[in-house]
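For reference, the structure discussed in these notes is given below.
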Amino acid sequence: MSWNVYSAEDFPKWDEDNTCMTDYRQALGIQVILKAKQWTKLEDFYKLTRYESWIDAAGEGRESVHTGREVAERLTGDFRLRGIACADLDRITDKEREKIEHDANEQNLKLRRMFVNRFEEQFRTKMQGGPGRWIPNTYEMECYRILGLKPPDVVQKVADTSQQQPIVIEQKVDPEFLAQLVAAEVAKLTAPAPKR
């Protein structure tokens, strides 16, 4: 048996600043790295040792063994809406595999549409003076792109201006003019106080 997990998108992902990886997929204490539109083969057995203070005062951990099937089924159950599916590829036909991939991709597109709808609702609320957001986060922008949709015009204008390089204005000061300003200021400060 060879259990595999299919994902419609990459996990983990880079955070909004592209500084570290976030949004990991984990099941039964086992983290699985998934590539978009690919099947990831799971090992037959995963052996975990958990160290918890209340288990054993001698520092011994509790061992648990999970099969690839258990991990795959838990991943699928927990993250089905994200477009994750599992199967034993040795026991299914190519047609069944394609149907699983199609269903996972469709589910992922529905979820992405939910993210877009949620942002647009917050955007409309912000336009009416309520709490909300003007700019979608990185994942929501990815959803717009994948769904072939265009963010609201205000978002486009903000995004376009944020992509422009800042303009640096250099002012050159004439040294003679600067010396005259300093001399005038010194003269004001050192002048005798007017008599009353």
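The values are calculated or read from the model by the stated rules, or taken from the named source; none is laboratory data. Since the model is a prediction, treat every value here as computed from it, not as a measurement. Heads up, the Cβs are rebuilt from the backbone with ideal geometry, glycines too, and the neighbour counts pull from every protein chain shown.
Kindly provide the set of residues from region 81-132 that are under 17 Å from the mean Cα position of the chain (by Cα) and among the charged types (D, E, K, R), ordered by number.
The answer is Arg82, Arg112, Arg113, Arg118.
Conditions: (1) of a type in the set (D, E, K, R); (2) modelled with pLDDT of 80 or more; (3) loosely packed, with under 11 Cβ neighbours inside 10 Å; (4) outside any loop (DSSP other than H, G, I, E, B). Arg91 meets all but one. Number of the miss?
It is condition (4) that Arg91 fails.
Kindly list, by first and then second residue, each pair from a residue in region 91-109 that is within 15 Å of Lys37 (Cα to Cα) to a residue that is polar (S, T, N, Q) and surrounded by 11 or more Cβ atoms within 10 Å (Cβ to Cβ), limited to pairs with Cβ atoms under 7 Å and residues at least 6 apart or on different chains.
Short answer, once both residue conditions are applied: none.
Among the residues of region 71-85, is any part of a loop (DSSP other than H, G, I, E, B) and modelled with pLDDT of 80 or more?
Looking for residues that are part of a loop (DSSP other than H, G, I, E, B) and modelled with pLDDT of 80 or more, one finds at least one in region 71-85, hence yes.
Criterion first (touching a Lys or Arg at 6+ places or on another chain (Cβ under 6 Å), more than 30 Å from Leu42 (Cα to Cα) and free of Cβ contacts under 8 Å to residues at least 24 places away in the same chain) does Gly148 satisfy it?
Here the answer is no, as Gly148 does not meet what is asked.
Pick from Ser53, Ser64: which is among the small types (Gly, Ala, Ser), in contact with a Leu (Cβ under 9 Å, 6 or more places away or on another chain) and modelled with pLDDT under 70?
So the residue among Ser53, Ser64 that is among the small types (Gly, Ala, Ser), in contact with a Leu (Cβ under 9 Å, 6 or more places away or on another chain) and modelled with pLDDT under 70 is Ser64.
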